[in-house]
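The structure appears right after this line, and notes come after that.
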Amino acid sequence: MKSIQILIFTDLDGSLLDHNNFEFKEIRDFILKCIKNGIKIIPNTSKTRIEIQVFINQLGQNLPFIVENGAAIHNLDLIHPKVKLNDNQLVFSRPLSEIVDQFKKNIPTDFQKRCVFLKDMTLIEQMKILGLNKKYLALALNRDYSMPLVFDGSKEIVDEFTRHLKKFGMKLHEGGRVYNISDDCSKGKAMKTLIEMLKNELKCKTHTIVVGDSPNDISMLNACDQPCVIPLPNKKNLSYLKDQKIIRATQTAPKGWEEVVRASLKKINIDLEG
Ligand SMILES: [Mg+2]
């Protein structure tokens with residue numbers, strides 16, 4: 001175990017946190033046990049920095065993490081003390097104001113009309129869509145790099161919209177509850193950059209496990225050693241991913257997270273007791 005650094009890049013909502021109430025109490029001890037055993041757990045989520053900070057406080061253990069669908073990595077020194085960078089972070093995105101300008105200037109009005117941005121909705125609508133109370137809603141909407149929205153259109157129109165965004169260096173990410181428009185970044189890209197950096201800094205090999213539940217997790221599921229998928233309640237999610245390597249949980253989050261992480265570790269002959 002010493003010669004190989006195990007990294008778990010994990011989505012939060014619906015993957016580690018219960019899709020409906022965002023709880024993870026049942027697996028908190030297991031997460032802490034992983035960390036105690038030298039495994040690095042790196043949340044890689046569409047959540048904002050301040051939302052992840054809430055999760056970290058609940059866990060009671062500081063972590064490195066990736067925000068807003070791969071826009072930035074924070075707490076780099078917690079991955080390896082040798083990684084020394086200004087502000088202890090890596091940013092892959094332009095500021096949100098530039099993305100908004102580009103969107104308004106370049107994306108055809110037909111598509112713009114189909115976008116209902118969360119920031120323009122009533123408080124009641126925002127709470128309903130995100131499943132959050134007032135306090136946590138404010139943290140979710142305090143975004144540095146991306147715009148959450150609901151899109152009105154068929155899959156074909158979504159695909160066309162995605163192509164338009166791409167032309168102007170932007171991306172559409174589909175999460176468990178909403179879409180997000182961001183700069184040309186993704187969970188997978190941020191993860192790959194980090195792994196490359198670690199391979200250069202660390203003398204040992206890395207083994208990456210990814211846990212996800214939604215289309216915005218595919219870029220990281222496709223780029224790791226062990227992809228794991230968590231089912232969503234009453235929804236067939238990511239069933240079209242055919243990679244034989246994928247471990248699929250039989251339970252939803254949070255229990256499903258422990259299930260796939262244990263199975264992934266077992267495959268490389270690591271058995272955490274308890
Ligand atoms: Mg999710």
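The values are calculated or read from the model by the stated rules, or taken from the named source; none is laboratory data. Bear in mind that the values here come from a model prediction, so they are computed numbers and not experimental data. Here Cβ is always computed from backbone atoms with ideal geometry, including for glycine, and neighbour counts include all displayed protein chains. Quick note on the areas: whole protein, heavy atoms, side chains included, nothing else; ligands and nucleic acids left out. Shrake-Rupley method; radii C 1.70, N 1.55, O 1.52, S 1.80 Å.
Only a single item in (1) at pLDDT 95 or above; (2) within 16 Å of the ligand (Cβ to nearest atom); (3) outside the structural domain of Asn142 (by TED's automatic domain parsing); (4) not hydroxyl-bearing (Ser, Thr, Tyr) is not met by Asn234, and it is number (1).
Filtering segment 194-228 down to residues that are of a type in the set (S, T, N, Q) and farther than 20 Å from Ser146 by Cα, which residue is nearest to the ligand (Cβ to nearest atom)? Step through it out loud before you land on a result.
From segment 194-228, those of a type in the set (S, T, N, Q) are 200, 206, 208, 214, 216, 219, 222, 226; that's our starting set.
Next, from what is left, pick out any that are farther than 20 Å from Ser146 by Cα: 200, 206, 208, 222, 226.
On the way: Asn200: 30, Thr206: 23, Thr208: 18, Asn222: 16, Gln226: 18 Å.
It comes out as Asn222.
Residues in segment 108-125 that are within 23 Å of the chain's Cα centre (by Cα) and either outside the structural domain of Arg163 (by TED's automatic domain parsing) or open to solvent by less than 90 Å² (accessible area, probe 1.4 Å) (or both): Cys115, Val116, Phe117, Leu118. Regarding segment 217-229, can at least one residue be identified that is of a type in the set (Asp, Glu) and under 19 Å from the mean Cα position of the chain (by Cα)? Yes: segment 217-229 contains one or more residues that are of a type in the set (Asp, Glu) and under 19 Å from the mean Cα position of the chain (by Cα). Those strands (runs of 3 or more DSSP E) of segment 166-220 that lie entirely within it include none in which at least 2 residues are more than 29 Å from Asp77 (Cβ to Cβ) and open to solvent by less than 10 Å² (accessible area, probe 1.4 Å). Name the residue that is most open to solvent (accessible area, probe 1.4 Å), counting only residues in segment 226-274 that are among the hydroxyl-bearing types (Ser, Thr, Tyr) and farther than 15 Å from Leu17 by Cβ. In this case the residue turns out to be Tyr240.
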